[in-house]
Amino acid sequence: MFRSLGYLILTIFGIIIIRMVIGVLFKLFSSSVSADGARQRTQARRPRVPQGGVLQKDPVCGAFVPEQGARQLTAGGETHFFCSDECLKKFRESSNA
Ligand SMILES: [Zn+2]
């Protein structure tokens, strides 16, 4: 009777120890996996070169516009880039005046 109780307690302790070991191993494994995932995520979040190439400053409103698709005006050997027709018009008016 006492012997079987001892075995029972030993078995319970054994199970508890095995579960603890498995838990620690699982924690180590999952933490290394999540660290890898975080690293991959930060790499994916790295700023990419904006589509449309080089950004140029709009001399009228100060906005940065991509060279491709921006309104352009070449004056005095310099090419100016504008975010909108409005800015282009303003620049033309101010340079004419
Ligand atoms: Zn503008």
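The table below lists the values:
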read-out: Packing-based ranking, highest mean first, of 61-71, 2-12 given that Cβ atoms within 10 Å are counted; value: 61-71, 2-12
read-out: Under the Karplus curve 6.51 cos²θ - 1.76 cosθ + 1.60, θ = phi - 60°, whole-Hz ³J(HN,Hα) for the range 2-17, x wherever Gly or Pro sits; value: 5, 5, 5, 5, x, 4, 4, 5, 4, 4, 5, 4, x, 4, 4, 5
read-out: Amide proton proximity set for A63, modelled H, under 5 Å, gap of 5+; value: D58
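Throughout, read-outs are computed from the coordinates displayed, never taken from laboratory work. This structure is a prediction, so every number in the text was calculated from the model and none was measured. Note: ideal-geometry Cβ built from the backbone for every residue, glycine included; neighbour counts use all protein chains shown.
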